[in-house]
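Quick notes on the structure that follows.
The values are calculated or read from the model by the stated rules, or taken from the named source; none is laboratory data. Here the structure is a predicted model, which means the values were calculated and not measured. Here the Cβ is made from the backbone with ideal geometry for all residues, glycine too, and neighbour counts use every protein chain on show.
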Amino acid sequence: MIWKICAAAAIVSALILGAPAGVAQAAQPDDILGTWQAETIKLEFFKAGSEYNARILWGNRIVESDGTTFKKDSLNPDPALRSRSLQGITMVTGLVYQNGEWSGGSLYDGSAGRTVNAKAEIADGKLHLRGYMGVSAMGRTIVLQRVAMPSAPGAKTPASKR
């Protein structure tokens, strides 16, 4: 019986406040900035004017078998770019923030030499980056975790207990 009263109180509170209980706050435009990684890729998002882009820091499909040497962009449709390294290239371009998500961008897949549409959203603290051709439902999503920023050199850390 008490749980029914608590549930009713939560519903009434939500209606009064105008939002359902437990709903996360919408992402802010610059929340995408910084370094994000999944098991197979690591990206650094940055802002260029009003757009958001990302450069690749590492990816298992764009490095040689030693795991550290970056492959060349040999499959790029532009012959002039085929000799460049894939290290640090800007692979996500043109994302624009609107209504809690970033959309309207492009994603370059250096391992295939192909560019697809891109959009992104942050849900539960994870970045969901979706690449697709034509319709968003016909694509693939990579879920990335934010990489914690290391402490600045010389930053004070709490003294340990003696």
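Does LEU81 fit the bill of being crowded, with 16+ Cβ neighbours inside 10 Å and at pLDDT 95 or above? Break it down into steps so the answer makes sense when it comes.
Details: crowded, with 16+ Cβ neighbours inside 10 Å: no; at pLDDT 95 or above: yes.
No: the conditions fail for LEU81.
For the range 27-75, give me the residue count where each residue is of a type in the set (A, V, I, L, M) and assigned to a strand (DSSP E or B).
Step one: of the range 27-75, the residues of a type in the set (A, V, I, L, M) are 27, 32-33, 38, 41, 43, 48, 54, 56-57, 62-63, 75.
With the extra rule that they be assigned to a strand (DSSP E or B), the set shrinks to 41, 43, 48, 54, 56-57, 63.
The qualifying residues number 7.
For the range 146-162, does any single residue satisfy the condition of being modelled with pLDDT of 95 or more and of a type in the set (Ser, Thr, Tyr)?
no
Of everything in the range 100-149, what is under 23 Å from ASN60 (Cβ atoms), more than 10 Å from the chain's Cα centre (by Cα) and hydrophobic (A, V, I, L, M, F, W, C)? Give them in sequence order.
Matches in the range 100-149: LEU107, ALA112, VAL116, ALA118, MET133, VAL147, ALA148.
I'm told GLY139 meets every condition in (1) farther than 18 Å from PRO29 by Cα; (2) out of contact with any His (no Cβ under 6 Å at 6 or more places or on another chain); (3) surrounded by 10 or more Cβ atoms within 10 Å (Cβ to Cβ); (4) in contact (Cβ under 8 Å) with a residue 40 or more places away in the chain except one. Can you identify the failing condition by its number?
Unmet for GLY139, out of (1) farther than 18 Å from PRO29 by Cα; (2) out of contact with any His (no Cβ under 6 Å at 6 or more places or on another chain); (3) surrounded by 10 or more Cβ atoms within 10 Å (Cβ to Cβ); (4) in contact (Cβ under 8 Å) with a residue 40 or more places away in the chain: (4).
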